[in-house]
Amino acid sequence: MLDFAIFAVTFLLALVGAVLYLYPASRQAAGIPGITPTEEKDGNLPDIVNSGSLHEFLVNLHERYGPVVSFWFGRRLVVSLGTVDVLKQLINPNKTLDPFETMLKSLLRYQSDSGNVSENHMRKKLYENGVNNCLRSNFALLLKLSEELLDKWLSYPESQHVPLCQHMLGFAMKSVTQMVMGSTFEDEQEVIRFQKNHGTDILSYLQVWSEIGKGFLDGSLDKSTTRKKQYEDALLQLESILKKIIKERKGRNFSQHIFIDSLVQGNLNDQQILEDTMIFSLASCIITAKLCTWAICFLTTYEEIQKKLYEEIDQVLGKGPITSEKIEELRYCRQVLCETVRTAKLTPVSARLQDIEGKIDKFIIPRETLVLYALGVVLQDPSTWSSPFKFDPERFDDESVMKTFSLLGFSGTRECPELRFAYMVATVLLSVLLRRLHLLSVKGQVIETKYELVTSSKEEAWITVSKRY
């Protein structure tokens with residue numbers, strides 16, 4: 001099985017550790033309900049580890065103390081927000097920096113963001129244009145990769161179990177590398193070499209992040225000369241590949257417009273282009289893979305929803321060619337993907353540094369306090385969602401529900417570029433697969449959830465397929 005992370009708990013804790021490492025200490029936010037440190041040096045780290053994940057720790061903490069809670073990471077106070085109402089009081093709709101991307105940059109110790117509002121706005125626009133242009137220019141490529149996977153599944157006997165996580169990761173890796181970085185990665189061997197730059201396992205991306213996380217938590221990366229050198233060599237090799245691509249794409253016109261082209265054509269220096277490409281490719285790969293995996297898992301579980309989605313695909317696309325214009329008309333498919341994000345709690349935790357003093361209800365949040373958005377808690381809050389544990393795509397028929405979803409950064413103008421990319425890729429893939437195949441669950445299989453930066457299954461998820469015609 002392809003396991004999507006080795007250090008499941010330590011990685012999520014690194015999201016906290018990375019930000020605290022990079023920024024100065026915050027003043028104590030006195031009076032916020034929460035728990036006292038379990039240990040003087042580690043704070044509530046033992047409690048988080050015992051809970052199984054940061055998400056599960058936050059679920060318990062918010063159940064006990066309410067929507068605004070505090071705990072200790074080492075000797076630092078952290079504030080977590082667990083309802084839509086309190087998030088509304090703190091979220092700035094004009095804020096251009098995405099908390100998800102900010103966390104990833106912190107983990108890699110990238111600090112090229114400017115405090116200049118106009119420059120940050122410009123970079124956000126470059127991201128948006130990069131996503132839109134690369135999807136538009138590479139729609140035929142995305143369709144080709146989806147049809148290649150379909151052909152593979154069509155060749156299987158109906159009794160054969162398909163390793164869903166493995167196939168979705170491979171599909172996402174191919175899609176992202178070719179659409180973000182171009183024809184350099186058309187050759188499958190080049191993709192494999194790219195993956196191996198991060199470690200011995202094909203899931204190199206999260207191995208790098210897990211290594212960073214482990215280093216932040218226990219300092220072991222700095223203490224081990226061998227491990228540190230291996231990690232730095234791998235990162236340098238990957239960065240050298242990106243630098244080569246940046247150099248090749250500068251000042252030249254290509255028939256294929258890839259994501260990196262939008263950054264090259266913008267007013268960014270080479271280091272900013274490199275960092276933004278690294279972050280976008282890493283995040284897009286994992287989010288796309290997991291969104292596709294969970295969507296198919298839910299469709300195999302809820303046959304009526306799969307049937308309704310097939311009927312929409314058949315009605316909108318018919319037997320003719322799939323086009324980008326027709327894909328945009330698949331409204332129910334988008335609802336299925338939104339409900340997948342919500343039910344799977346796809347990104348259960350996000351974080352930001354409080355840059356100015358804030359206030360939530362009666363509580364003052366001092367400047368430079370680390371604030372967690374407990375999105376996994378919010379996404380299944382019964383005061384916000386009716387039947388929160390039910391997989392119900394039609395809930396998004398309600399405009400107010402979609403507005404709430406957008407506020408959380410999962411849709412609309414606040415939607416992160418990586419998720420926007422993943423939505424389109426997943427829509428095309430599901431359209432291609434469902435036109436020809438019934439997606440079926442494996443009897444007796446229980447899929448357990450592992451909560452990390454992006455939620456995954458603890459073990460491989462298996463499905464079977466049967467031909468519609």
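The values are calculated or read from the model by the stated rules, or taken from the named source; none is laboratory data. It should be emphasised that the depicted structure is a prediction, and the values quoted were computed from it without experimental measurement. Heads up, the Cβs are rebuilt from the backbone with ideal geometry, glycines too, and the neighbour counts pull from every protein chain shown. Side chains included, ligands, DNA and RNA excluded: accessible areas come from the protein's heavy atoms. Shrake-Rupley method; radii C 1.70, N 1.55, O 1.52, S 1.80 Å.
Miscellaneous remarks
- Distance in nm between pseudo-label sites at Glu248 and Lys362 (7 Å out along the Cβ direction from Cα): 6.2 nm
- Calculated log₁₀ intensity ratio I(q)/I(0) where the Debye formula runs over C-alpha points of region 374-433, q = 0.12 Å⁻¹: -0.35
- Among the chymotrypsin sites (Phe, Trp or Tyr not before Pro) within region 225-330, those in coil by DSSP and having at most 16 neighbouring Cβ atoms inside 10 Å are Phe254.
- Overall, the ratio between the Cα radius of gyration of region 281-335 and 2.2 N^0.38 Å, rounded to two decimals, is 1.28.
- In the full protein context, region 310-469 carries 41 Å² of accessible surface per residue, based on a 1.4 Å probe and ignoring ligands, DNA and RNA.
- Applying the criteria of a DSSP loop state and at most 14 other Cβ atoms within 10 Å to the trypsin sites (Lys or Arg not before Pro) of region 229-291 yields Lys250, Arg252.
- Surface composition of region 247-324: carbon and sulfur make up 45 percent of the accessible area, probe 1.4 Å.
- Computed over region 246-372: relative contact order in percent, which uses C-alpha pairs under 8 Å that are six or more apart: 15 percent
- Among the GluC sites (Glu not before Pro) in region 318-426, those placed in a DSSP loop whose Cβ has at most 15 other Cβ atoms within 10 Å are Glu328, Glu329, Glu357, Glu368.
- Shown for region 348-469: the carbon plus sulfur share of the solvent-accessible area, taken with all protein chains present and a 1.4 angstrom probe, equals 51%.
- Global size of region 405-464 as Cα Rg and Dmax, reported in angstrom: 15.0, 41
- Computed FRET value (nearest 0.05) for Lys88 with Ser386, which takes r as the C-beta separation and R₀ as 25 Å: 0.85
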